[in-house]
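To start, the structure itself, in structure tokens.
The values are calculated or read from the model by the stated rules, or taken from the named source; none is laboratory data. In this text the structure is predicted, and so the values were computed from the model without any measurement. Don't worry about glycine lacking a Cβ; one is built from the backbone with ideal geometry, like all the others, and counts go over all protein chains shown. What goes into the accessible areas is simple: the full protein's heavy atoms, side chains included, and nothing from ligands, DNA or RNA. Shrake-Rupley method; radii C 1.70, N 1.55, O 1.52, S 1.80 Å.
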Amino acid sequence: MRIFLSTIVSSGNNSTASISDALGVIEFDQTNSIVATGGIARKIRIYSLESLLPHESTSQDVHHTVCLDHARAGDYYICTPAKLSSLRWKPGSDGRVLGSGDYDGVVMEYDLERRIPIFERDEHGGRRVWSVDYSHCDPAMGASGSDDGTMQMWDTRSESGECVATVQTSVRRSAVCCVEFNPFGGPIVAIGCADRKVYGYDLRMMADPLFVLDGHRKTVTYIKFLDSVTLVSASIDGCLKLWNSDSSNVTRTYHGHVNNRSFVGLSVWRDGGLFGCGSENNKVFVYDKRWSEPVWVHESSSTGRDGFVSSVCWRQAGEDQCTLVAGGSDGILQVFQGKRKSQTG
């Protein structure tokens with residue numbers, strides 16, 4: 001796989017990078033043509049992929065990087081009442097509804113066509129919501145994980161966002177840092193926690209976990225399904241782990257990036273079998289699921305000495321060509337494109 005930097009999007013005068021610009025989350029919509037970002041700046045920015053990739057190189061060997069500013073590249077933005085830690089497109093909404101979780105413990109939905117909030121839920125006692133997701137079996141059902149030590153499932157069809165189920169994984173109420181429903185249609189939701197474990201629950205029977213993945217040495221920050229039984233987790237112990245949920249065993253551990261204190265992002269390109277993550281040494285790392293060492297590393301163009309790559313997202317389209325978007329603690333967005341090397345012989 002050959003990967004190159006296609007576009008850099010900054011604030012225009014990025015000579016003075018500010019922590020207030022830090023990007024915490026990047027999400028492609030279901031059509032893989034729209035990108036949403038959020039973070040400390042209290043703004044949801046919406047970009048079309050077409051605007052982020054204003055040119056397509058005609059050469060397979062020579063590539064040019066385009067520099068844009070957010071005002072020029074973005075379609076529009078929506079101001080939010082608090083700093084954002086999570087965004088998730090609502091399945092079946094045709095890219096119209098976007099859910100968010102924020103630092104004030106509030107879950108909201110936004111109608112992007114009208115650019116207004118249409119749903120609000122505040123049941124985590126003001127504690128930060130780290131992650132939100134929607135069920136692919138029933139998109140009206142969502143879940144949020146919070147610093148209050150719970151994962152709560154709720155129904156957006158109810159005006160009050162009725163709580164359907166609450167899970168507290170540990171007596172010590174360890175923070176729930178990541179939540180993901182099985183995107184392949186199974187009745188499973190996986191959650192990663194500050195107690196260093198990943199828990200999987202069957203939505204039809206939430207009393208006890210269906211599986212527990214125990215192997216990280218520190219807080220689990222991200223969990224992603226690669227297929228219906230294979231999951232990838234990230235932790236501030238500085239490694240990624242590939243799991244088989246049927247056996248609860250670790251298949252492979254990935255090392256190379258630096259991560260011992262911050263959320264640096266994790267995304268999987270399912271068709272290509274690649275994982276992307278950020279790093280506290282200001283680099284973007286790509287791993288192939290087959291090998292423990294990174295297959296590609298790119299150092300960010302950030303000017304800040306203490307900057308780091310804080311979020312990543314793969315475009316889920318195609319098997320031979322890929323797009324990876326990465327965001328930094330300085331607010332800079334980078335768009336990478338890749339193409340599989342041609343096979344000969």
Open item on the list: If I compute solvent accessible area with a 1.4 Å probe over the protein chains, what percent of it on the chain is carbon and sulfur?
Closed with: 45 percent
Open item on the list: Spelling out what I want: for every residue of the stretch 270-280, take phi, set θ = phi - 60°, compute 6.51 cos²θ - 1.76 cosθ + 1.60 (Karplus), and round to whole Hz; glycine and proline get x.
Closed with: 5, 5, x, x, 10, 10, x, 8, x, 7, 7
- [ ] List every residue whose amide H lies under 5 Å from the amide H of C177, counting only residues 5 or more places away in sequence or on a different chain, with H placed 1.01 Å from N in the peptide plane.
- [x] G192, C193, A194
TODO: Name the most mobile residue of D102, D133, D208, meaning the one with the largest mean-square fluctuation, in a Gaussian network model of the chain with Cα contacts below 10 Å.
DONE: D208
Task: Translational diffusion coefficient (Stokes-Einstein; Kirkwood radius from C-alpha pairs) of the stretch 59-203 at 37 °C, 0.692 mPa s, in µm²/s - done: 202 µm²/s
Task: Helix-derived mean residue ellipticity, 222 nm - over the chain, DSSP H n ≥ 4, -39500 (n - 2.57), to 500 - done: -500 deg cm²/dmol
Open item on the list: Taking just the alpha carbons, could you work out the radius of gyration and Dmax for the stretch 251-318, both in angstroms?
Closed with: 12.0, 38
Open item on the list: Residue by residue through the stretch 210-227, what is 3J(HN,Hα) from phi via Karplus (6.51 cos²θ - 1.76 cosθ + 1.60, θ = phi - 60°)? Round to whole Hz and write x for glycine and proline.
Closed with: 6, 8, 10, 9, 10, x, 6, 9, 9, 3, 7, 9, 9, 9, 9, 7, 8, 8
Open item on the list: If amide hydrogens are placed 1.01 Å from N in the peptide plane, which non-local residues have theirs closer than 5 Å to the one on K283?
Closed with: S300, V309
TODO: Could you list which residues have their amide H under 5 Å from that of A165, counting only those 5 or more apart in sequence or on another chain, with H placed in the peptide plane?
DONE: M153
- [ ] For the chain, report the accessible area per residue in Å² (1.4 Å probe, heavy atoms, rounded to an integer).
- [x] 43 Å²
Open item on the list: With θ taken as phi - 60° and the coefficients 6.51, -1.76 and 1.60, list the Karplus ³J(HN,Hα) couplings across the stretch 121-135 in order, rounded to whole Hz; mark glycine and proline as x.
Closed with: 9, 9, 10, 9, x, x, 8, 3, 8, 7, 8, 10, 7, 10, 5
TODO: Within 10 Å, count the other beta carbons around each residue, average over each peptide in 25-33, 84-92, and list them highest first.
DONE: 84-92, 25-33
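Return a whole-number percent for the relative contact order of the chain, with Cα pairs under 8 Å and 6 or more residues apart as the contact set.
The value is 15 percent.
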Open item on the list: I'd like the FRET efficiency for D94 and D320, computed as 1/(1 + (r/R0)^6) with the beta carbon distance as r and R0 of 25 Å, rounded to 0.05.
Closed with: 0.40
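Kindly work out what percent of the DSSP beta bridges joining two residues of the chain are antiparallel, to the nearest 5.
Taking every DSSP beta bridge within the chain, about 95 percent pair in antiparallel fashion.
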Task: Viscosity 1.306 mPa s, temperature 10 °C, Stokes-Einstein D of the chain from Kirkwood C-alpha radius, µm²/s - done: 79 µm²/s
Open item on the list: Which entries of K197/K241; K289/K339; K90/K218; K289/K341; K90/K339; K224/K339 have Cα-Cα distances beyond 20 Å here?
Closed with: K90/K218; K90/K339; K224/K339
Task: Rounded to the nearest 10 Å², the accessible area of R252 at probe 1.4 Å - done: 70 Å²
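Estimate the FRET efficiency between R204 and C67 by the formula 1/(1 + (r/R0)^6), using the beta-carbon distance for r and 41 Å for R0, to the nearest 0.05.
Plugging the Cβ-Cβ distance into 1/(1 + (r/R0)^6) gives 0.20.
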Open item on the list: Testing the spin-label approximation: label points 7 Å from Cα along Cα→Cβ at S160 and E299. State their distance in nm.
Closed with: 5.7 nm
